[in-house]
Structures are given as C-alpha cells and as structure tokens.
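What follows is a short report on a single structure.
None of the figures in this text is laboratory data; all of them are computed from the coordinates on show. These numbers come from a predicted model, not from an experiment. Ideal geometry is used to build each Cβ from the backbone, glycine not excepted, and the neighbour counts take in all protein chains shown.
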Amino acid sequence: MNYISTRGAGIGERHTFSDILLGGLAKDGGLYLPNEYPRVSADELARWRTLPYADLAFEILRKFSDDIPAEDLRELTRRTYTAQVYCNVRDEENAAQITPLKTLGVENGAPLSLLELSNGPTLAFKDMAMQLLGNLFEYTLAKHGETLNILGATSGDTGSAAEYAMRGKKGIRVFMLSPHGKMSAFQTAQMYSLQDPNIFNIAIEGVFDDCQDIVKAVSNDHAFKAQQKIGTVNSINWARVVAQVVYYFKGYFAATKSNDERVSFTVPSGNFGNVCAGHIARMMGLPIEKLVVATNENDVLDEFFRTGIYRVRTSAQTYHTSSPSMDISKASNFERFVFDLLGRDPKRVLQLFRDVEEKGGFDLQASGDFARVREFGFVSGRSSHDDRVDTIRDVFQRYDTMIDTHTADGLKVAREHLEAGIPMIVLETAQPIKFGETIREALEREPERPAAFSGLEDLPQRFELLANDARRVKEFVAGRTA
C-alpha cells in the first residue's frame with residue numbers, strides 16, 4: 001500500500017505505513033491517506049464476525065500496513081488488546097470483549113446501544129488507538145535504532161492517553177500541550193500527576209486550538225522537526241485513525257446477526273478523527289447506514305453538515321463547555337473527508353484549506369459539492385449544556401446507566417436520527433468520573449470511580465506554564481532533547 005498527501009505533494013513517490021507512522025503532516029501540510037481504501041469481501045466480513053478483538057485488529061490493520069511482517073503485527077495487536085490493559089470495565093463478565101456493546105433499549109423502533117470504548121488505562125476512547133500506537137512506535141524505533149520526541153496537543157483525553165501509552169517506552173519523549181485551566185480536574189490530574197522522566201506537560205495560555213496550531217507550526221518547520229526528531233500522536237497521525245476503524249467493525253458485529261443488516265453510528269466529535277475512522281470503515285465496505293456527527297456548542301462541524309459552510313472560529317469564539325474534549329473549532333482531521341468528498345482532487349483541497357487560513361473557511365454549497373455529503377451517509381446535530389444534563393439524568397433514570405458529558409451529546413443527537421429497524425450505536429467517549437461536576441449537577445450524586453483512581457486529584461502535579469508562542473515551545477523541547 002502506498003500513502004499520498006491530501007494536498008498532492010510527493011505524487012509518484014512511495015510512502016509505506018512505517019514511513020508515515022512516526023510523523024504527522026505531510027511535507028506540504030496535508031494529511032496522509034492510502035492511495036485507495038482496501039475493500040473487505042463478504043467472505044472476510046463473515047470470517048471476522050467471531051474473531052476476538054486483537055485478531056480483528058490484526059486483520060484490519062494488515063490491510064493498511066503490509067510493510068510490517070504479519071507475525072510481528074499479530075504479536076503487537078495481541079499484546080495491545082488484552083483484558084489486563086482494558087480492565088476498567090463496569091461489567092466483569094464482558095472484560096474479554098475489550099469494547100462491550102451495552103444495549104439501552106428500543107426507541108422509535110430503533111435498537112439504541114452504547115459501544116463502550118473507555119475501559120483502558122485512562123478511561124477514555126483515545127486509549128483504543130493510543131495503546132497500539134505506543135507499541136508500534138517502540139517496535140519501529142527499536143528496529144531502526146532511532147529515537148522520537150512526540151509533540152501533541154490535547155483538549156483533555158488525548159494527552160493522558162498518549163502519556164500512559166508512552167510512559168517508560170524506550171527512545172520516546174512526550175511533550176504534551178494543553179489549554180491552561182480548561183480541562184476537568186480529573187483530566188488535569190491524570191496528566192500532570194505523572195512523574196515519568198520521559199513525560200513533559202506544557203500548559204498553554206490559550207484554548208485547545210492554540211495548542212493545535214502550535215503543533216502544526218512546529219510540524220511545518222521541517223528543519224526543526226528533522227533536527228529534533230519530532231513526531232505526533234494527535235488524530236492527524238494516520239495510525240491512530242486506522243486503529244479506530246477496528247471498533248466500528250466490532251460494534252457492527254455485536255449489534256447484528258447477519259452481514260445483510262445495516263447499522264448507524266453516532267459519534268461525539270470535535271476534531272473529526274473518530275468519525276473519520278467510521279467514514280473509512282464505510283468506504284471499506286462495512287454496511288453503515290448513517291454516520292451521525294454530534295457536536296456541542298462549538299458546532300463548526302454541525303454547521304458544515306447542515307449548510308455546506310465550513311467556518312472555523314477564533315479562540316475568542318470558542319466556548320468552554322462541560323464536554324471540553326469537543327471544545328474545538330478547527331477540525332484537523334476534516335481535510336481527509338473533504339479530500340474524498342471532492343473526488344480526491346489535491347489542488348482543490350489545497351486551495352480550500354488555504355482559504356481556511358486566509359479567509360476563515362469555505363463554502364461547498366455554492367460549488368455544488370455539498371450535495372455529495374449524503375452519498376457518504378453523513379448527518380449531524382448539536383447539543384448544549386442543558387441537553388447534556390437532561391440526557392445524563394434521563395439515561396440514568398430510564399436505563400440505570402451513568403454516562404459522561406460527551407456521550408450525552410452523542411445520545412441527544414442520536415435520538416434525532418433514529419430509523420425504525422436500524423440499530424443506532426453511540427460511541428461512548430469516556431467514563432463519567434472524568435466529568436464529575438456535571439454528573440453531580442445532573443444526578444446529585446458522585447460519579448462511579450474505578451478503584452485504581454482513588455485519590456488521583458490529591459497527587460503532586462508537575463507541568464510547565466508557557467505563553468501561546470510556538471517559539472517558546474520549540475525552545476522548551478530543544479532544551480530537553482539533547
């Protein structure tokens with residue numbers, strides 16, 4: 001398999017999975033995608049239905065990483081997806097499933113379920129890809145005798161997932177940017193309490209989009225990136241996206257009895273990485289009816305899927321909400337979908353994302369391209385704080401199930417797009433303990449806390465506060481990688 005940039009650089013060059021694994025942006029600022037999506041046959045879909053998660057991951061990932069020996073890849077997926085790693089389950093009987101499907105009930109004739117993705121070490125869906133990424137990075141670096149300095153940005157969950165996946169890994173340092181004072185107390189403690197010498201937390205005076213812009217600015221400084229051996233774990237990293245494709249297949253198999261059935265997925269979304277994986281699964285041939293994009297008050301994606309207008313927000317226009325991992329107003333993974341939407345025309349993609357930087361967005365309604373969105377199965381909706389509180393309360397009362405704020409956004413929007421006879425699977429984002437303040441507001445009780453996280457917020461915290469300045473971040477990284 002060969003990988004290409006959404007903006008066209010390197011046409012005719014060969015880029016393998018391993019070539020792009022340790023990097024992020026392509027050299028032209030675009031994002032990597034396979035030159036064509038592998039298709040899954042009916043026989044494969046039937047054979048995969050009964051596979052355990054680790055072996056399903058192997059089958060899917062090897063379609064995208066044919067440069068890694070099969071026996072090595074199988075060992076990596078089996079080491080990653082174990083009940084010992086994904087042990088923070090609410091139901092011990094389902095521990096071996098890794099991503100259990102929790103059926104809530106039938107609403108408006110549609111079976112409604114949650115796909116539990118937060119049983120990993122940081123209680124967030126990001127662990128599903130990040131744990132694999134940590135093992136892939138260590139494997140690849142050891143093979144070539146290299147080191148890597150990971151520079152990432154987080155609005156809450158990516159940072160802790162990356163740090164827990166990379167802590168203690170040979171040849172790897174992690175520099176994680178987060179918006180100062182914008183994460184929940186639990187999320188902050190998860191990251192800042194880590195004392196591992198290869199982990200560096202940097203609190204930026206700004207919002208998440210500022211952190212993400214710094215990461216992109218550093219990635220676009222090719223000389224610095226090469227000198228400091230900078231890599232990324234944000235959702236622009238292709239390996240993270242393709243690892244997330246796996247649980248769409250797993251969720252489909254759990255919700256159906258036959259491969260003739262179709263399902264819909266609702267995905268709480270800010271950076272578009274999680275739902276982009278669903279788009280890829282659909283392009284591979286998974287029978288997906290709808291992909292429902294759920295946003296919070298930062299509704300740039302909902303606006304696009306309703307109107308065809310992609311209009312990024314400034315830092316001042318970005319709301320600080322009770323579902324903070326979605327407080328994103330510039331969806332960095334969205335470019336991959338736009339590339340497919342426009343028939344994989346890199347020149348047009350390049351111009352559109354120049355318009356994003358220079359004009360603040362673009363309009364596909366006027367050009368007629370927006371009409372194709374429905375061909376890809378996308379619809380969307382928006383949720384507010386009051387919606388989150390009401391949904392958390394309703395789901396707890398009706399189904400005796402406690403959900404976090406982001407999953408509540410997903411459920412609220414999912415209910416707006418139910419179709420009789422089509423199972424609706426909402427991708428769970430995190431466990432409720434990560435957003436205790438809103439849980440207490442909704443339910444007047446403390447959220448459920450896994451025993452391993454008792455007293456987390458009381459641990460000593462270590463971080464560096466820096467101005468919103470890419471130069472300062474470069475100085476910090478360079479001073480600690482010699």
Item to complete: For n ≥ 4 DSSP H runs only, could you compute -39500 (n - 2.57) per run for the chain, divide by its residues and tell me the 222 nm figure to the nearest 500?
Response: -11500 deg cm²/dmol
Response to the item:
Kirkwood calc, the chain, C-alpha pairs only, radius in angstrom 22.3
Worksheet item: Put a dot 7 Å past each Cα toward the Cβ at Lys27 and Glu261; how far apart are the dots in nm?
Response: 4.9
Worksheet item: Give me the log10 of I(q) over I(0) for the range 58-97 at q = 0.15, 0.16, 0.24 Å⁻¹, as the Debye formula computes it from C-alpha points; what are the numbers?
Response: -0.45, -0.49, -0.75
Worksheet item: In µm²/s, what is D for the range 326-458 at 20 °C and 1.002 mPa s, where D = kT/(6 pi eta Rh) by Stokes-Einstein and Rh is the Kirkwood radius from Cα pairs?
Response: 120
Worksheet item: Can you pull the Kirkwood radius for the range 11-104, inverse mean 1/r over Cα pairs, to one decimal in Å?
Response: 15.8
Response to the item:
The farthest towards the positive end of the charge dipole of the chain, of the residues Pro179, Thr314, Ala42, given +1 on Cβ of Lys and Arg and -1 on Cβ of Asp and Glu, is Ala42
Worksheet item: Quick one: what Rg and Dmax do you get for the range 294-350 from the alpha carbons, in Å?
Response: 12.6, 39
Fill in: Extended-chain gain in nm, criterion 0.36 nm per residue less alpha-carbon gap, Asp221 and Ala42
59.9 nm
Worksheet item: Nearest 20 debye, what's the magnitude of the dipole of the range 298-411 about its Cα centre given +1 on Lys and Arg Cβ and -1 on Asp and Glu Cβ?
Response: 380
Fill in: Low-density loop positions, GluC sites (Glu not before Pro), the range 421-471 - DSSP coil, at most 12 other Cβ in 10 Å
Glu444, Glu448
Worksheet item: If contacts are Cα pairs under 8 angstrom and at least 6 residues apart, what is the relative contact order of the range 239-322 in percent?
Response: 26
Worksheet item: Can you pull out the GluC sites (Glu not before Pro) in the range 8-48 that DSSP calls coil and that have at most 14 other Cβ atoms within 10 Å?
Response: Glu13, Glu36
Worksheet item: Expressed in nm to one decimal, what extension gain is obtained for the pair Gln397 and Ala83 from 0.36 nm per residue of sequence separation less their Cα-Cα distance?
Response: 110.1 nm
Item to complete: Provide the packing ranking of 316-327, 208-219, i.e. peptides ordered by the mean count of other C-beta atoms within 10 Å per residue, highest first.
Response: 208-219, 316-327
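Tell me the relative contact order for the chain as a rounded percent, counting alpha carbon contacts under 8 Å between residues six or more apart.
After rounding, I find 19 percent.
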Discussion item. Output wanted: per-residue J couplings in Hz (rounded whole) for the range 47-64, from phi through Karplus 6.51 cos²θ - 1.76 cosθ + 1.60, θ = phi - 60°, x for Gly and Pro.
Written reply: 5, 6, 3, 9, 6, x, 4, 4, 6, 5, 4, 4, 4, 6, 5, 5, 5, 9
Worksheet entry | Ordering of 189-196, 132-139, 417-424 by packing [mean C-beta count within 10 Å, highest first] | 132-139, 189-196, 417-424
